[in-house]
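Take a look at the structure below.
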Amino acid sequence: MPVTVVVGGQFGGEGKGKVAHFLAREMGAKVAVRVGGSNSGHTVVDPTGTPLILRQLPTPSILPDVTCVLGAGSYIDVDILFAEIVRTGLSADRLYIDPNAMVVTDDEINAEKSSSLRESIGSTQSGTGAAVIRRISRDGTARLAKDDERLKPFIHPVVPFMRNLLSKGERIIIEGTQGFGLSLLHSPYYPYSTSRDTSAASFVSEAGLSPLDVDDIVLVIRTYPIRVGGNSGPLPNEIDWKAVTLDSNSKVPLLEFTSVTKSTRRVGNFDINIVAKAIEANNPTSIILNHIDYIDINCSTSSVITEKALRFVRQLENKLAKNIDYLGFNRSCLVGFSDIKHRCIL
């Protein structure tokens, strides 16, 4: 049962992309599965040191020995996918697409752009939600991957392929998208949600695997949760980026933009409630806390864990009654953190 599922514990933007890439590399994964659609971007740093945003491919696609899978639960914008294939240099033999994956058409993209979803719930207008609606309508108009000639070189039955690897004990990484607080089923803030469930169980189903295959669920959270800009729904303890900059003691303004819409992200102080709900629903085997240098920028500039940052981590562990197993950084990697049994990933 060597399957790792990476899931977000807030509202997306937690850093799941760099986590999936790190885990695939560290665990020697043979397969990385990307679920969902093009309505979320995951960032990874390529071998040249350049940040790369991927909306369809899993971030481990830049690793040379990883085969990428888009399962039946994927929603594919073919133009975006092909641009990412070129950008990553992914060869055809390293991409498997399930015949029943859904293709997002221009009609579905235009339907979302002409709707009020951007104003009402902060939709990225990628067409993913409209494609979900078309799929469940079951009226024969849905375009599946097996019906698109452009995708023919990549179409394979992905379930037997992955089952064969699992029988040999090979590791598979499922790179979940968005965050638990955006779940269509479980978010306390519906209808301010995405068009799918965003729990680990749903990601496993979208990939085409069994819950019994999973031995590792990694919950990714961040010190200052974010939501996309605009009317995207409640964000408890909302502040602004000036406050984050001041709290971190950074001399350089801290500011983030969304990967898809390029709008300024909303930001808030840490909210224990949504993370506690994510832990209840996902029962993670490990937790990764990203952006610890937003608590104290000196963590990245001096390569030591400061008392301020350590105090934040310990307080968080007490409130969650869970250990934080890994720490991630926005600007640099922190090493030598073994005294409190934490590790840095990026």
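Points worth noting:
- Scanning the range 280-319 for residues that are surrounded by fewer than 18 Cβ atoms within 10 Å (Cβ to Cβ), within 20 Å of the chain's Cα centre (by Cα) and of a type outside the set (D, E, K, R) gives Asn283, Thr285, Ser286.
- Scope the range 52-95; condition basic (Lys, Arg) and under 16 Å from Val158 (Cβ atoms); matching residues: Arg94
- Meets criteria (of a type outside the set (Lys, Arg), within 15 Å of the chain's Cα centre (by Cα), assigned to a loop (DSSP other than H, G, I, E, B) and at pLDDT 95 or above) for Thr198: yes
- Qualifying residue in the range 279-298 (condition: without any contact (Cβ under 8 Å) to a residue 24 or more places away in the chain and among the hydroxyl-bearing types (Ser, Thr, Tyr)): no
- Neighbours by Cβ (under 6 Å, 6+ apart or cross-chain): first from the range 254-275, over 20 Å from Ile292 (Cβ atoms); second surrounded by 20 or more Cβ atoms within 10 Å (Cβ to Cβ) and of a type in the set (A, V, I, L, M, F, W, C): Thr258/Val228; Arg266/Leu235
- Pair list, Cβ < 8 Å and 6+ apart or interchain, from the range 82-97 residues that are within 21 Å of Pro160 (Cα to Cα) to residues that are exposed (fewer than 11 other Cβ atoms within 10 Å of the Cβ): none
- Residue check for Val260: outside the structural domain of Leu54 (by TED's automatic domain parsing), within 12 Å of Gln10 (Cα to Cα) and of a type outside the set (D, E, K, R): no
- When the range 115-140 is filtered for residues that are crowded, with 19+ Cβ neighbours inside 10 Å and either more than 23 Å from the chain's Cα centre (by Cα) or at pLDDT 90 or above (or both), only Arg134 remains.
- Those residues of the range 3-46 which are closer than 17 Å to Asp215 by Cα and either surrounded by fewer than 23 Cβ atoms within 10 Å (Cβ to Cβ) or in contact with a Cys (Cβ under 9 Å, 6 or more places away or on another chain) (or both), in sequence order: Glu26, Met27, Gly28, Lys30, Val31, Ala32, Val33
Quick grid of which residues meet (1) crowded, with 23+ Cβ neighbours inside 10 Å; (2) in contact with a Gly (Cβ under 7 Å, 6 or more places away or on another chain); (3) hydrophobic (A, V, I, L, M, F, W, C):
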position: Thr48; (1), (2), (3): no, no, no
position: Leu70; (1), (2), (3): yes, no, yes
position: Val78; (1), (2), (3): no, no, yes
position: Arg87; (1), (2), (3): no, no, no
position: Leu90; (1), (2), (3): no, no, yes
position: Tyr96; (1), (2), (3): no, no, no
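- Residue check for Glu112: part of a helix (DSSP H, G or I), in contact with a Gly (Cβ under 7 Å, 6 or more places away or on another chain), farther than 16 Å from His156 by Cβ and at pLDDT below 95: yes
- Residue in the range 180-211 that is surrounded by the most Cβ atoms within 10 Å (Cβ to Cβ), counting only those that are closer than 23 Å to Thr67 by Cα and of a type in the set (Gly, Ala, Ser): Ala207
- When restricted to residues that are aliphatic (A, V, I, L, M) and free of Cβ contacts under 8 Å to residues at least 24 places away in the same chain, the range 223-242 contains 0.
- Of the residues making up the range 42-71, those that are part of a loop (DSSP other than H, G, I, E, B) and either outside the structural domain of Glu108 (by TED's automatic domain parsing) or modelled with pLDDT of 90 or more (or both) are Arg55, Gln56, Leu57, Pro58, Leu63, Pro64, Asp65, Val66, Gly71.
- Pick from the range 225-268, criterion of a type in the set (Ser, Thr, Tyr) and more than 23 Å from Ile109 (Cβ to Cβ), ranking: surrounded by the most Cβ atoms within 10 Å (Cβ to Cβ): Ser248
- Residues of the range 250-265 classified as closer than 7 Å to Gly229 by Cβ and charged (D, E, K, R), total: 1
- Among the candidates Leu54, Leu90, residue that is in contact with a strand residue (DSSP E or B) (Cβ under 6 Å, 6 or more places away or on another chain) and of a type in the set (A, V, I, L, M, F, W, C): Leu54
The values are calculated or read from the model by the stated rules, or taken from the named source; none is laboratory data. Since we're looking at a predicted model, the values are computed, not measured. Cβ coordinates were reconstructed from backbone atoms using ideal geometry, including for glycine residues, and neighbour counts include every protein chain displayed.
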